[in-house]
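Laboratory data are not the source of any read-out in this text; all were calculated from the coordinates shown. Predicted, not measured: the structure shown is a model, and the values here were computed from it. Positions of Cβ are generated from backbone atoms using ideal geometry, with glycine treated the same way; all protein chains shown enter the neighbour counts.
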Amino acid sequence: MNYLLYGYYIDYYSENKSKLCVLCLLHELRVITRSQLFELINLEYSLTMSGLKYILKCLTEDNLIDKKQNGKEVYYFLTKEGHLSIGGYYTFPKVPEYNLNHHLKINDYLIKTIRLVKNHEHLKRIMSERRIVYEAKDLNSSAKGRKFFVPDFRVRFRDKNDVEINWSFEIELTMKTRRRYRNSIFPKYIEELGSKKNAHVIYVTPSGAIREELEQFKYAFHKIETKKDARSGELFDRFHILSDKNFETELNYLLKTDPGINWLPEKENTLYQDGSVQETLELFAEEKKKDEEKKEERTLKPRVTFNPEFL
């Protein structure tokens with residue numbers, strides 16, 4: 001979870017850490033069910049369901065969060081007061097339940113993804129859709145009122161040269177128009193894969209019909225691009241269309257086998273919890289080398305020298 005909340009300072013040893021985690025998670029993901037909050041927090045540290053219910057009750061009574069019923073599940077969202085209490089920098093959603101099913105489904109896949117990637121030694125951070133949009137809009141005067149096409153979430157790794165590698169995830173629950181796939185969505189991702197040699201695009205859908213449509217577009221674009229340049233066929237190996245059933249199996253396989261994110265450091269590194277890396281420096285390497293050379297000379301030098309004057 002700390003890789004998702006990298007933009008916030010949270011003291012995980014403080015008494016109010018769970019309250020702050022709930023507020024920050026709601027700010028980052030907009031709407032979250034109680035069971036999803038329970039899973040997200042327990043990815044980082046242990047918290048009982050009764051403990052979570054008490055925290056949610058306190059935050060609701062303080063008017064920092066609100067809740068609504070969705071079938072058997074309860075979902076939570078920030079109030080204006082809650083948004084201000086953590087210095088919220090994303091746009092405050094006037095209608096938090098807008099596109100509710102899609103947001104909750106994204107949370108489900110995000111939790112599965114975090115569970116699989118959180119211990120990867122070259123993981124840098126996990127970015128929500130809100131964070132990606134915020135970074136695109138920040139200090140960009142031409143971005144005002146403009147809609148941004150961004151993935152539902154992104155997992156960022158570092159390669160052996162400390163270059164960032166993005167894995168972009170799209171959770172497809174509704175089929176877009178063919179014109180949009182053909183003229184906007186697929187060309188954008190193909191361009192991204194072409195310019196970033198280790199990037200991946202991962203579509204996930206629980207719908208067989210949507211998956212079939214996506215596969216057809218992938219095949220059509222593969223045919224067009226390889227006709228222009230046969231070498232471009234490689235980038236389609238990094239364009240994945242997964243079903244709900246094989247999502248975790250396929251993602252786990254990619255995490256173990258992808259060459260871009262599986263590399264051995266040349267020097268011994270210390271990896272800290274926040275994802276930063278401190279290299280171990282070979283201090284006094286020259287002095288150490290000279291000492292070893294002197295030791296070798298003493299070993300080879302004879303202890304008794306022959307002098308003919310003593311004969």
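Structure notes:
- Only one residue of F149, M49, I126 has its Cα farthest out toward the positive end of the dipole of the stretch 28-177, where Lys and Arg carry +1 and Asp and Glu -1 on Cβ, and that residue is F149.
- When W263, W167 are arranged by Cβ crowding within 10 Å, least crowded first, meaning fewest neighbours, the order is W263, W167.
- If only the Cβ of Lys and Arg carry +1 and only the Cβ of Asp and Glu carry -1, the dipole of the stretch 2-80 around its Cα centre is close to 300 debye.
- Extension reserve of the E135-K112 stretch, reckoned as 0.36 nm per residue once the Cα distance is removed: 5.8 nm
- The stretch 1-138: relative contact order as a whole-number percent, Cα under 8 Å and 6+ apart: 32 percent
- Where labels lie 7 Å past Cα in the beta-carbon direction, separation of Y253 and L84 in nm: 5.3 nm
- Annotation for I224 and N101: the two label points, set 7 Å from Cα along the Cα-Cβ direction, are 3.0 nm apart.
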